[in-house]
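Structure, as structure tokens:
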Amino acid sequence: MRALTWHGKRDVRVETVPDPRIEKPDDIVVRVTSTGICGSDLHLYELFGPYLDVGDILGHEAMGVVEEIGPEVTELSRGDRVVIPFNVSCRDCFMCDQGLHSQCETTQVRERGMGASLFGYTKLYGQVPGGQAQLLRVPFGNKLPIKVPDGPPDDRYVYLSDVLPTAWQAVEYADIPQGGTVTVLGLGPIGDMATRIAQHRGARTVIGVDLVPERLSRASAHGVTCLDARRGDEVAEAVRELTEGRGTDAVIDAVGMEAHGAPFAKAAQWMTTLLPDAVAQPLMEHAGIDRLTALHTGIELVRRGGTLSLSGVYGGAASPMPLLTMFDKQIQVRMGQANVWRWVKDILPLLTDEDPLGVDSFKTHAMSLEEGPKAYAMFQAKEDGMVKTLLKP
């Protein structure tokens, strides 16, 4: 089959690799019909090389048609249409029963001290082959796949793999009061969708902050009050003006560790990518720092007693935090990988003909799998208004 594979920093390639096969009795193999490029894939493209091997298959946002089933699979048949959650969860263990599928005890990467395995996401998360490929082996075939109806285009359902549950959890964790206010930092795929979900769930004022004009225009068209991050200190002043001087009830950080405006941390991150894996891994795990511009901005913009919800990925073990300010402002902080299955029942009723979240028109680009390397380069450079790309194997 053809698959998009990692070969080094800013070097991904589409090449021919062996087809996946049934390895356990409850496995399935899915013929992928759509697969997304996620903002967190760019962390692999840029920073996480020490945890990748040449030839690793990337991607964790896939849907398709069941091609093969193991002998113990009873809930699916060949030809069924399914979406694959990005976290590999059994849905039967203690953590899954708590709705914490990203902490699944069956697939935790214990040798790394990490949570549940993820498709297409480094040795830290199990080094499971990803979904930017023609075929994908999926474990827990009776529990993990989300079966969806035939008929509507893939665009209606593919975001159940990551974008929708991640944005939904970001809003849930933000705990925005009914008729309250929220600032969303970063208007990439997750931030953009989070603004829509916040509006749908009753937020009175939704403020979006980004520095890419196309992203600001896109969110503004959906009724978001948009602020250009390039205005610097004026952003905080504008947020206070919109909230009687307090700041918003909640802030959602949908940017994460590669925020703009932190040159020293950026230099440290880039230097780490140049080191041998044996040196870089312990350095990242014990002394790594993130670019914290967005996180510190969120702490500034949230009102006293408000909530900071982190959906952007952070990986620094030694990132400095302004605990004095956080304690004094009595900020609540919630974060973590999305627990996909926890939110499926909330989201599925919204994937209707009325399309209240605008999923049918959410993508900005559709490209072939063979164009994957070009799509990664465009997304990393924020070219051509790219916010969300679906690859078609």
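No solvent, one uniform scatterer per C-alpha: report log10 I(q)/I(0) for the stretch 154-208 via the Debye equation at q = 0.22, 0.27 1/Å, two decimals. Debye curve over Cα of the stretch 154-208, log10 I(q)/I(0) at q = 0.22, 0.27 Å⁻¹: -0.75, -1.04. What the Cβ-Cβ distance of SER368 and SER77 gives, at R0 = 25 Å and to the nearest 0.05, is a FRET efficiency of 0.30. The alpha-carbon atoms of the chain define a convex hull whose volume equals 131 cubic angstrom per residue.
Model label sites at HIS200 and SER220, defined 7 Å from Cα along the beta-carbon direction, differ in position by 2.5 nm.
Across the chain, Cα pairs under 8 Å and at least six residues apart give a relative contact order of 18 percent. Which entries in LYS345/LYS392; LYS24/LYS345; LYS9/LYS329; LYS147/LYS382 show an alpha-carbon gap greater than 30 Å? Distance filter (> 30 Å) returns LYS9/LYS329; LYS147/LYS382.
A cut-off under 14 angstrom between Cβ atoms defines the neighbours of SER220, and their net charge, with Lys, Arg +1 and Asp, Glu -1, is -1. Charged side chains reduced to their Cβ positions (Lys and Arg at +1, Asp and Glu at -1) give the chain a dipole of some 360 debye around its Cα centre. A simple charge model with +1 on the Cβ of Lys and Arg, -1 on the Cβ of Asp and Glu and nothing else charged puts the dipole of the stretch 1-158 at about 220 debye relative to its Cα centre.
Take each peptide in 41-53, 68-80, count the other Cβ atoms within 10 Å of every residue, and average; sorted highest first, the result is 41-53, 68-80. With axes computed from alpha carbons, what is the tilt in degrees of helix 163-174 against the longest principal axis of the chain, rounded to the nearest 10 within 0 to 90? With rounding to tens, the tilt is 40 degrees.
A convex hull fitted around the alpha carbon atoms of the stretch 80-126 yields 74 Å³ per residue. Projected onto their three principal axes, the Cα atoms of the stretch 1-146 cover extents of 41, 33, 23 Å, largest first. Label-to-label distance for ARG10 and ARG334 is 3.8 nm, based on points extended 7 Å past Cα in the beta-carbon direction. Relative contact order (percent) for the stretch 1-159, with alpha-carbon contacts under 8 angstrom and 6 or more residues of separation? Result for the stretch 1-159 is 28 percent. Once Rg and the Kirkwood radius are both taken over the C-alpha atoms of the stretch 287-393, their ratio Rg/Rh works out to 1.06. Compared with the direct C-alpha span, the chain from ARG230 to ALA381 gains 52.7 nm at full extension, assuming 0.36 nm per residue.
Remark: the Cα gyration tensor places the stretch 57-142 in the oblate category, a/c being 1.5 or greater and a/b not exceeding b/c. Averaging 1/r across all pairs of distinct Cα atoms in the stretch 56-97 and inverting the result yields a Kirkwood radius of 12.4 Å.
What is the percent carbon and sulfur in the accessible area of the stretch 147-194, measuring with a 1.4 Å probe over the protein chains and ignoring ligands? About 50 percent, which is the carbon plus sulfur part of the accessible surface.
The values are calculated or read from the model by the stated rules, or taken from the named source; none is laboratory data. The structure displayed is predicted, hence computed values, not measured ones. Using ideal geometry, Cβ is built from the backbone for each residue, glycine included, and neighbour counts are taken over all protein chains shown. Each accessible area value is taken on the protein alone, full model and side chains, heavy atoms only, with ligands, DNA and RNA left out. Shrake-Rupley method; radii C 1.70, N 1.55, O 1.52, S 1.80 Å.
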